[in-house]
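Structure first, commentary second.
The values are calculated or read from the model by the stated rules, or taken from the named source; none is laboratory data. The structure displayed is predicted, hence computed values, not measured ones. Cβ sites come from the backbone with ideal geometry, for glycine too, and all protein chains shown count toward neighbours. Note: accessible area is taken over every heavy atom of the protein model, side chains too, but ligands, DNA and RNA are not part of it. Shrake-Rupley method; radii C 1.70, N 1.55, O 1.52, S 1.80 Å.
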Amino acid sequence: RSSAASDVYKRQTRYTPIKAQNSITIGEDRFYLLQFQLSTPSEHKVAGQAFPKEIHFVHNIKRLAFSCLAVVGVLVAPGNHKLATFEIWDNLPKKPTQHLIIANLINGRDLLPVNKDYFLYIGSLTTPPCSEIASWYMLQSLTHYSAAQIHRIGNLMGYNTRPVQKRNHRMVIKAGSM
């Protein structure tokens, strides 16, 4: 049985790199990119303002019997596009529920803004079951894609965003750079 909420989340396309070469280092641990996904509109707000898109880069490290997730989030605004975005936009799916395996090597860093200062908080995943198992690294700077790119993904995906959640006493830390 399908609910309106689960239908929204089914409209997310996940992009999975073939090789686990994209990674981030946090402390002494290396987290490997599992996937990245696009949300329309953003699932985070800055001073109450939403943005047309948000990208989540979901990373994983396996330690003993459990897995830790680190999600790097970046808000997308209209502006001059990044050349690296064509690797994604040229391979957009025909249906919003497709899970794409990206054959081309995409360096996730090329999709991010130059300034990688971030806010850190512990929170949940944004797709069901919305488990509280993620460390969120929300970049403070925006990345920019062309209005045409934003429009195209918006037409494909439609609204696929989890509603903004209450802070619930979560501590948000303004941190350094990645």
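Suppose the filter is assigned to a strand (DSSP E or B) and open to solvent by less than 60 Å² (accessible area, probe 1.4 Å); does residue 34 pass it?
The answer is no for residue 34.
Given the structure, is residue 115 open to solvent by 30 Å² or more (accessible area, probe 1.4 Å), farther than 17 Å from residue 43 by Cβ and at pLDDT below 90?
Here the answer is no, as residue 115 does not meet what is asked.
Out of 152, 170, which single residue is modelled with pLDDT under 90, part of a loop (DSSP other than H, G, I, E, B), basic (Lys, Arg) and in contact with a Phe, Trp or Tyr (Cβ under 7 Å, 6 or more places away or on another chain)?
170
In the range 123-178, what count of residues is obtained for those that are open to solvent by 70 Å² or more (accessible area, probe 1.4 Å), in contact with a helix residue (DSSP H, G or I) (Cβ under 8 Å, 6 or more places away or on another chain) and not hydroxyl-bearing (Ser, Thr, Tyr)?
Here the count works out to 2.
Which pairs have Cβ atoms under 7 Å, sit 6 or more apart or on different chains, and link a residue in the range 32-47 that is basic (Lys, Arg) to one that is surrounded by fewer than 22 Cβ atoms within 10 Å (Cβ to Cβ)?
Taking only residues 6 or more apart or on different chains, the pairs are 45/164.
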